[in-house]
Structures are given as structure tokens and as C-alpha cells.
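Peer 1: Got a structure for you, written out below as C-alpha cells; questions coming shortly.
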């Protein structure tokens, strides 16, 4: 159900602000798709209660106070006024219900990640440092079954059962990224799109690819996983820019 009332009475206010900033910056980077695509963030201990964007509101307009507060275990959610988009409920509800380690979930049809998802082999090879970030840390869904209503959402959630897999390349669809909080997940989403762009552009040259050896790719991925504070500073800087511009994202 949707939280109502003035911002002072809304729960999880800082989380809402972080989410709203991520929506605004995703739109600015043209990684959104009209009024489709969705982000969610678990706010309860078991992961079942989560914040998510309202139905068919453009990412560039979403404010902290607009976010829905939903319960993945509530079967009557879609029967209430202000219900979320049915595919958002099917996909994000299933993931929060079945994958409690997925605290934050971001799904987009960003251009280069979606190009990757359209290739016969949608695996991202470690051809540079950004691509190496995701070495052995992404999984490809080769079983696209249509719009992500509840059955399809549950099937996708089953592909994320291994906590080390933080990116789902959704074949014929797009990309879905999970993480522990908004900063980590948005940072991962950003760098996956950058990595996919590098790979797609490298393929366009028609030249042989310089693929890193597995041991170097794994070493690089581990080093980047342990890099201190980068995701937090990334989101903090984005919020600082929005604040300086007078954005109403935190309203």
C-alpha cells in the first residue's frame, strides 16, 4: 500500500531520498525507458517490505514522497488503489519474497545492456577493467517467457539464488541488478552499462578482442569489490549535484 501524509510522517525517509536520486540520475543518463522500468529497496528485516516507484511515473519526476511502500507477502496488493505496475509487482515482489539477500533491485532496458541481452551469447567477457568487475558475477537468463507477471517473476528470481550473482542479464529483455543498498546497486548498474557499452563498441570494430586471463579478471573483480567507499561517494556526489541545481527529488 502507499504511504500517505506529509513527508515528515513518511517512514524510511533517507532511503526514499537515495532512491529518488537514483531515479533522477538514471533518467539523466538515458538508461530509463519512458514510464516503464522499476527500482525497489527492502526496508524490513526479512526483505518482504519494500519501497518502489509508483505506476507509470517518469523517472525524471519521482520524488522521495512518491514511493510506494509494499509487502511482497500481501496477495491483495494489486487490488488496492494506487497499486504498482503489474509487471513491477510480478518481478520485484517475487525477488524480494524469494531472494532476501537482494535488498535493492534495479531493472532497466538501458541501451547497451539490452544489446548484450539480444546476443546469442549474452555473457560479458573481461576485456577491460569495468568488464572484469562482473567476471563470474553475472548470470544470463536464456529462458525469456514474456512480460514479467508473477510466474515469470518467480522464474527470474530463481536465477538469483546464488548471492555472488549480482547482475541478471535478461535475455531478449534488459538487465536487472541487485545489491545491499541504493548506493551499491546504482553504482553496479552504472558500471555494468558502461562495461556493456565498451564490449558492444569493441565488437563493432570487427577486430579480435583482448580478453583478460581468468586469474587476472578474478583478481581485478575482487580488488574492485573491496575498493573503499566508491559507491557511497558516487551517490553522494550525484545528490550534491541535484541539490545544487535545486531539484525537488528529496521532497
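Peer 1: Could you tell me whether any residue of segment 38-60 is out of contact with any strand residue (DSSP E or B) (no Cβ under 6 Å at 6 or more places or on another chain), part of a helix (DSSP H, G or I) and modelled with pLDDT of 95 or more?
Peer 2: Scanning segment 38-60, I find at least one residue that is out of contact with any strand residue (DSSP E or B) (no Cβ under 6 Å at 6 or more places or on another chain), part of a helix (DSSP H, G or I) and modelled with pLDDT of 95 or more, so the answer is yes.
Peer 1: With respect to residue 118, determine if the residue is more than 13 Å from the chain's Cα centre (by Cα) and buried (at least 22 other Cβ atoms within 10 Å of the Cβ).
Peer 2: no
Peer 1: Show me the helices (runs of 4 or more DSSP H) found entirely inside segment 71-171 where at least 1 residues are over 16 Å from residue 190 (Cα atoms).
Peer 2: 86-98, 111-118, 150-158
Peer 1: Looking for something under 13 Å from residue 95 (Cα atoms) and at pLDDT 95 or above - is there at least one such residue anywhere in segment 138-148?
Peer 2: Among the residues of segment 138-148, not one is under 13 Å from residue 95 (Cα atoms) and at pLDDT 95 or above, which makes the answer no.
Peer 1: Please enumerate the residues belonging to segment 18-37 that are surrounded by fewer than 21 Cβ atoms within 10 Å (Cβ to Cβ) and part of a helix (DSSP H, G or I).
Peer 2: Those that are surrounded by fewer than 21 Cβ atoms within 10 Å (Cβ to Cβ) and part of a helix (DSSP H, G or I): 27, 28.
Peer 1: Limited to segment 98-119, what total is found for residues that are without any contact (Cβ under 8 Å) to a residue 60 or more places away in the chain and either under 14 Å from residue 144 (Cβ atoms) or touching a strand residue (DSSP E or B) at 6+ places or on another chain (Cβ under 6 Å) (or both)?
Peer 2: Result for segment 98-119: 3.
Peer 1: Pull up segment 124-146, narrow it to residues that are in contact (Cβ under 8 Å) with a residue 40 or more places away in the chain and touching a strand residue (DSSP E or B) at 6+ places or on another chain (Cβ under 7 Å), then point me to the one that is farthest from residue 226 (Cα to Cα).
Peer 2: Looking at the filtered set, the residue picked out is 124.
Peer 1: Here's something else I'd like to know. Are there any pairs with C-beta distances below 8 angstrom linking a residue in segment 26-51 that is in contact (Cβ under 8 Å) with a residue 40 or more places away in the chain to a residue that is surrounded by fewer than 18 Cβ atoms within 10 Å (Cβ to Cβ) and part of a helix (DSSP H, G or I), with the two at least 6 apart or on different chains, and if so which?
Peer 2: Going by the 8 Å Cβ cut-off, the qualifying pairs are 30/111; 31/111; 32/60.
Peer 1: Shifting gears a bit: Report, by residue number, each residue of segment 210-250 that is out of contact with any helix residue (DSSP H, G or I) (no Cβ under 7 Å at 6 or more places or on another chain), outside any helix (DSSP H, G or I) and more than 23 Å from residue 166 (Cβ to Cβ).
Peer 2: Answer for segment 210-250, where residues must be out of contact with any helix residue (DSSP H, G or I) (no Cβ under 7 Å at 6 or more places or on another chain), outside any helix (DSSP H, G or I) and more than 23 Å from residue 166 (Cβ to Cβ): 210, 245, 246, 248.
Peer 1: Let me ask you something else. How about segment 47-57: which of its residues are surrounded by fewer than 23 Cβ atoms within 10 Å (Cβ to Cβ) and touching a helix residue (DSSP H, G or I) at 6+ places or on another chain (Cβ under 9 Å)?
Peer 2: 47, 48, 49, 52, 54, 55, 57
Peer 1: Criterion first (surrounded by 11 or more Cβ atoms within 10 Å (Cβ to Cβ), under 29 Å from residue 39 (Cβ atoms) and free of Cβ contacts under 8 Å to residues at least 40 places away in the same chain) does residue 194 satisfy it?
Peer 2: Here the answer is no, as residue 194 does not meet what is asked.
Peer 1: Just checking, does segment 168-184 include any residue being touching a strand residue (DSSP E or B) at 6+ places or on another chain (Cβ under 7 Å), without any contact (Cβ under 8 Å) to a residue 40 or more places away in the chain and under 30 Å from residue 233 (Cβ atoms)?
Peer 2: There is at least one residue in segment 168-184 that is touching a strand residue (DSSP E or B) at 6+ places or on another chain (Cβ under 7 Å), without any contact (Cβ under 8 Å) to a residue 40 or more places away in the chain and under 30 Å from residue 233 (Cβ atoms).
Peer 1: Starting from residues that are out of contact with any helix residue (DSSP H, G or I) (no Cβ under 9 Å at 6 or more places or on another chain) and farther than 11 Å from residue 103 by Cα, keep the ones in segment 164-186 and report whichever is modelled with the highest pLDDT.
Peer 2: Once the filter is applied, the top-ranked residue is 165.
Peer 1: Sticking with this one: Take the residues of segment 83-115 that are closer than 30 Å to residue 203 by Cα and buried (at least 19 other Cβ atoms within 10 Å of the Cβ): which is nearest to the chain's Cα centre (by Cα)?
Peer 2: Among those that are closer than 30 Å to residue 203 by Cα and buried (at least 19 other Cβ atoms within 10 Å of the Cβ), it is 106.
The values are calculated or read from the model by the stated rules, or taken from the named source; none is laboratory data. These numbers come from a predicted model, not from an experiment. All Cβ positions, even for glycine, are placed from backbone atoms using ideal geometry, and neighbour counts span all protein chains on display.
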